[in-house]
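Working notes for the structure below.
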Amino acid sequence: MAKEIELKLALAPAGPEALRRHPRLAGLEPRTTRLGNTYFDTPDGRLEAERMALRLRHADGRILQTLKTSGQGSGGLSTRGEWEWEVMGPGLDLARLADLPPIEALGEGVLGELVPRFATDFARETWWWERDGTSVEIALDLGEIKSDDRTAPIRELELELKAGEPAALLELAEALAEDVPLRPSDTSKAARGGALLAGGWTLPEGGSSPAWLHRAVVALDAHADTGDQAFREAAREALRRLADALGDGREEGRLAGRLAAALAHDDWLTADTGGQLLALSRRLPEAVALG
């Protein structure tokens, strides 16, 4: 098992082109790959209920099978368990899957119930960024999630740590945010696909300061996928609750209050507001359970 440490960021429509022009990527040549992914689960969603994701990925003539387990993190930064290996296809490698501890814990019968649930199809532009002992894979994903006749856009940036300390991901993201309209995202493609399949989102509860921040970020993810203004209002309310909890005597409280006010506008996501949300995430680093 490997540990995947990454920072997930959602981009405004102008974000991809602004990213390609960013000085941090100057002189780096991207590699572009087309990725087709099919996600599997039982008809009653056993894996999703346990916050697992199982997929087959077609890339460059290879088929990769991946199982990811529930993550811990906040403000887009997450750590997850991950098993990945190449398979012959076209279906799942059930024999090797059966030996993985997370699948064994589900009990007998689960493997026989696995069926395709939804798919993602996107182009990935990848840059390899290195500095002072830190290595980061910068991946820009553009495409869509598909479930029957429903779709949701994919326009996101993933910074995956290959060497170094996790704090380097936030430092790099904040540098990118100086010129690129982006924000943290706490919802995986698998969880977004599950919401699309179900036809609705369930927001996490608030309570503690990190939990209010997590609720706000997930509500923004839901708003981006559905266009439902109720989710943007839920994000505003979560940030207001966070501001009240922290108080205006702390910079974190003032940041939360400014962000809540910015969310009153349709075009709220700018390089400035995205940078503020990243800064707030960095100041409230306590981990919560992620979908």
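All of the numbers you see were taken from the coordinates with simple rules; none came from a lab. Source: prediction; values computed, not measured. So basically every Cβ, Gly included, is an ideal-geometry build from the backbone, and we count neighbours across all protein chains shown.
Bridgeable lysines around Lys8 (alpha carbons under 18 Å apart, same-chain partners fewer than 8 residues away excluded): Lys68, Lys162, Lys189. Annotation: for a label point projected 7 angstrom from Cα along Cα→Cβ of Asp121, residues of the stretch 1-45 with backbone N closer than 20 Å are 32-41.
In degrees from 0 to 90, rounded to the nearest 10, what is the angle of the helix 271-283 Cα long axis to the longest principal axis of the chain? With both axes taken from Cα atoms, the answer is about 80 degrees.
Can you tell me the relative contact order of the chain? Whole percent, Cα pairs under 8 Å, sequence separation 6 or more.
Details: 594 pairs, mean separation 64.9, N = 291.
Taking the mean separation of contacting Cα pairs over the length of the chain, I get 22 percent.
Where only DSSP H runs of four or more residues are counted, the chain gives -10000 deg cm²/dmol as its mean residue ellipticity at 222 nm, each run worth -39500 (n - 2.57).
I want to verify a result. In a Gaussian network model of the chain, Cα cutoff 10 Å, which of these has the top mean-square fluctuation: Ala262, Ala14, Ala105? Among Ala262, Ala14, Ala105, the largest mean-square fluctuation in the Gaussian network model of the chain belongs to Ala105. Per-residue 3J(HN,Hα) values for the stretch 131-148, derived from phi via the Karplus relation 6.51 cos²θ - 1.76 cosθ + 1.60 with θ = phi - 60°, read 6, 6, x, 9, 10, 9, 8, 9, 10, 9, 10, 10, x, 7, 9, 10, 9, 6 Hz in sequence order (x marks Gly and Pro).
Label-to-label distance, Glu113 versus Asp272, with points set 7 angstrom from Cα along the beta-carbon direction: 5.2 nm. Between the Cα long axis of helix 189-198 and the first principal axis of the chain there is an angle of about 80°, rounded to the nearest 10. How would the stretch 52-188 be classified by its alpha-carbon gyration tensor: rounded, prolate or oblate, with rounded meaning a/c under 1.5 and the a/b versus b/c comparison settling the rest? It comes out prolate by the Cα gyration axes.
Scanning residues 5 or more positions from Asp41 or on other chains, those with amide H under 5 Å from its amide H are Val115, Arg117, with H placed 1.01 Å from N in the peptide plane.
Here r is the Cβ-Cβ distance between Lys162 and Arg96 and R0 is 30 Å; the resulting FRET efficiency, rounded to 0.05, is 0.75.
Each label was represented as a point 7 Å from its Cα along the Cα-to-Cβ direction; for Glu29 and Glu104 these points are 4.6 nm apart.
Taking the C-alpha atoms only, the angle from helix 251-262 to the longest principal axis of the chain is near 80 degrees. Here the Karplus relation 6.51 cos²θ - 1.76 cosθ + 1.60, evaluated at θ = phi - 60°, turns the backbone of the stretch 28-40 into coupling constants of 9, 8, x, 10, 10, 10, 8, 10, x, 10, 10, 9, 10 Hz, with x for every Gly and Pro.
Across the stretch 90-101, rounded Karplus estimates of 3J(HN,Hα) from the backbone phi angles (6.51 cos²θ - 1.76 cosθ + 1.60, θ = phi - 60°) give x, x, 6, 8, 6, 5, 6, 4, 4, 8, 7, x Hz, Gly and Pro being marked x.
Each Lys and Arg Cβ is given +1 and each Asp and Glu Cβ -1; about its Cα centre, the chain then shows a dipole of about 260 debye.
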